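The values are calculated or read from the model by the stated rules, or taken from the named source; none is laboratory data. Given the structure is predicted, the values throughout are model-derived calculations rather than measurements. Reconstructed Cβ throughout: ideal geometry from the backbone, glycine too, with neighbour counts over all protein chains shown.
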Amino acid sequence: MNEVKILLDPEKLPNQWYNILPDLPKPLPPPKDPDEGPSRMPILPKIFPKEILRQEMCSDRYVPIPDELRELYLYIGRPTPLYRAKRLEEYLNTPAKIYFKREDLSPAGSHKGNTSIAQAYIAKKEGYEELTTETGAGQWGSALAFACCLNKLKCRVFMARASYLSKPYRRFLMEMWGAKVFPSPSDQTEFGRKMLAQDPNHPGSLGIAISEAIEVTVGNVGKTAYSLGSVFNHVILHQTIIGQEVLMQFEQIGQEPEVMIGCAGGGSNFSGFAYPAVGKQLREGGNKRFIAVGASEIPKFTRYATNHGIYRYDFGETSKVTPMLKMFSLGSDFIPPAIYAGGLRYHGYAPTLCLLIAEGAIEGVDYPQDYAFQAAKIFAETEGLIAAPETAHAIAAAIDEARKCKKTGEKKIIAFNYSGHGLLDLQGYADTLLKEQEATAKAS
């Protein structure tokens, strides 16, 4: 039985998305308005397509995927392969088996295409001319630009300024697909100009970039729709095509993952990979462990940190024009440090993921960027793949779990989501790893 590269026949591409809402251990706290001020609820139908809002509120366990959209999924390389990291296992001298799901093989180089394709398809069907969005590291902006290109839609992207400056090739990639990209905060919106007036060198944040994208959308109701890359239920819904494929692939080799790991910035990466298995365990029981990995520089999970995230109602964006969501949050005004893992810089997490962490169904951990980059270097030296900085955090957790197995002798099966490549992030690796080499050289 081939355990090195597990492929699915294209005919097995899922024909429905999985929705975890009916399987949650308790009802999801709904969006709500703040105690003071006008209601934020009326803004939602102004910025989202009708079908997106329907999916967001859907209570069905499965949602059909249109045939035309399944063809697009095939076009971007689904089903994606599952690999076994034998060389990494040998390097670690662990009895554990380590598998990783290759979501870096899409044209945009990450898992984000699973929802960008869906959202662009839906917007086109409903007659929209343009999609606008935010992006942190650039994976989401790239994926949406690609999806808009395929669906003949205009695309406008507000990219957190720290990433805009440190990752110019991400911007060029979006522009190659016809998108207009602006550093956020920008001079394109009233909210952006307000932030720049406070600090002309503002590093930006996803909360600010979201605010700018929404402002543009509200100013072009009916023509421009807002497209979100994470956090909301409909985004996670689209990403569950990953986890459904994973379960079929393990079934194909007669095994089951015992530890499932994914990095988490807003939550769609981890959730898309793990939710089908999480939901099955919630329904049927089991003892799988699910680990969502964040960045310790944005410590939403680390409860023992001084400034950790608190499970509470908070705004999803800095301008506070949308309804509040219950989530682990560092505060919608939080300005994260300019780490290279830009996709992990969001101040909160998906409400469903936060509920599951609060209920103990999922573990949340944080890793510092330097540690994650060191893990990614080990992965590159053993498996030959250069991971995105966000993905590096999942690799760090997988390596730590495998090392624990070495100590205990347990032969666990560990699986993680290889959510994106880092070929456009090499400057970040160079800056971090070269500093470490220089420090080591000085110490010696």
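Go through region 366-425 residue by residue and tally those that are crowded, with 18+ Cβ neighbours inside 10 Å, aliphatic (A, V, I, L, M) and closer than 26 Å to A108 by Cβ.
Looking only at that region, the number is 15.
Between a first residue in region 119-135 that is closer than 17 Å to N220 by Cβ and a second residue that is β-branched (V, I, T) and in a strand (DSSP E or B), which pairs have beta carbons less than 8 Å apart while being 6 or more apart in sequence or on different chains?
Y128/T224; E129/T224; E130/T224; L131/T224; T132/V157; T132/T224; T133/V157; E134/V157
Which of the residues that make up region 336-350 are touching a strand residue (DSSP E or B) at 6+ places or on another chain (Cβ under 8 Å) and either part of a loop (DSSP other than H, G, I, E, B) or surrounded by fewer than 24 Cβ atoms within 10 Å (Cβ to Cβ) (or both)?
The answer is I339, A341, R345, H347, G348, Y349, A350.
Just checking: which of the strands (runs of 3 or more DSSP E) contained wholly in region 18-119 hold 1 or more residues that are of a type outside the set (A, V, I, L, M) and exposed (fewer than 14 other Cβ atoms within 10 Å of the Cβ)?
62-64
Counting only residues that are more than 15 Å from A372 (Cβ to Cβ), hydrophobic (A, V, I, L, M, F, W, C) and modelled with pLDDT of 95 or more, how many does region 411-430 have?
3
Of all residues in region 71-108, which are of a type in the set (G, A, S) and either under 19 Å from L7 (Cα atoms) or without any contact (Cβ under 8 Å) to a residue 12 or more places away in the chain (or both)?
Filtering region 71-108 for residues of a type in the set (G, A, S) gives 77, 85, 96, 106, 108.
Residues satisfying the conditions are G77, A85, S106.
Check region 361-375 and report whether any residue there is of a type outside the set (K, R), within 29 Å of N287 (Cβ to Cβ) and assigned to a loop (DSSP other than H, G, I, E, B).
yes
Since L433 meets every condition but one in (1) modelled with pLDDT under 95; (2) under 26 Å from T80 (Cβ atoms), which condition does it not meet?
(2)
Among the residues of region 192-199, is there at least one that is in contact (Cβ under 8 Å) with a residue 12 or more places away in the chain and assigned to a helix (DSSP H, G or I)?
Yes, region 192-199 has at least one match.
Scan (1) under 26 Å from L105 (Cα atoms); (2) outside any loop (DSSP other than H, G, I, E, B) for the single condition L282 breaks and write down its number.
Against the list (1) under 26 Å from L105 (Cα atoms); (2) outside any loop (DSSP other than H, G, I, E, B), L282 comes up short only on (1).
Run down I98, I52 and say which single residue is at pLDDT 95 or above and farther than 30 Å from K411 by Cβ.
On the way: I98 fails: farther than 30 Å from K411 by Cβ.
Sole residue among the options that is at pLDDT 95 or above and farther than 30 Å from K411 by Cβ: I52.
Each row is one residue, and each column tells you yes or no for (1) closer than 17 Å to E134 by Cβ; (2) in contact (Cβ under 8 Å) with a residue 24 or more places away in the chain; (3) of a type in the set (F, W, Y).
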position	(1), (2), (3)
R312	no, no, no
G316	yes, yes, no
T322	yes, yes, no
L325	yes, yes, no
F328	no, yes, yes
P337	no, yes, no
L344	yes, yes, no
H347	yes, yes, no
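Within region 288-316, restricting attention to residues that are over 19 Å from the mean Cα position of the chain (by Cα), modelled with pLDDT of 70 or more and over 17 Å from I399 (Cα atoms), which residue is surrounded by the most Cβ atoms within 10 Å (Cβ to Cβ)?
For region 288-316, the residue satisfying everything is D314.
Any idea which residue in region 136-153 is surrounded by the fewest Cβ atoms within 10 Å (Cβ to Cβ), counting only those that are without any contact (Cβ under 8 Å) to a residue 40 or more places away in the chain and not in a helix (DSSP H, G or I)?
Residue satisfying both the conditions and the ranking: K152.
Could we say that E390 is over 24 Å from N93 (Cβ atoms) and either modelled with pLDDT of 95 or more or assigned to a helix (DSSP H, G or I) (or both) here?
Numbers: over 24 Å from N93 (Cβ atoms): yes; either modelled with pLDDT of 95 or more or assigned to a helix (DSSP H, G or I) (or both): yes.
So E390 fits the description; yes.
Please determine, by comparing only the residues of region 155-177 that are touching a helix residue (DSSP H, G or I) at 6+ places or on another chain (Cβ under 8 Å) and touching a residue at least 60 places away in the same chain (Cβ under 8 Å), which one is nearest to G222 (Cα to Cα).
So, considering only residues that are touching a helix residue (DSSP H, G or I) at 6+ places or on another chain (Cβ under 8 Å) and touching a residue at least 60 places away in the same chain (Cβ under 8 Å), the one nearest to G222 (Cα to Cα) is R156.
Taking only region 216-264 into account, find how many residues are surrounded by fewer than 22 Cβ atoms within 10 Å (Cβ to Cβ), touching a helix residue (DSSP H, G or I) at 6+ places or on another chain (Cβ under 9 Å), among the acidic types (D, E) and not in a loop (DSSP other than H, G, I, E, B).
The qualifying residues number 0.
What are the residue pairs meeting all of these: first residue in region 394-410, first residue modelled with pLDDT of 95 or more, second residue in a helix (DSSP H, G or I), Cβ atoms under 6 Å, and 6 or more apart or on different chains?
I395/A375; I395/A376; I395/F379; A396/Y371; A396/A372; A396/A375; I399/A375; A402/L92
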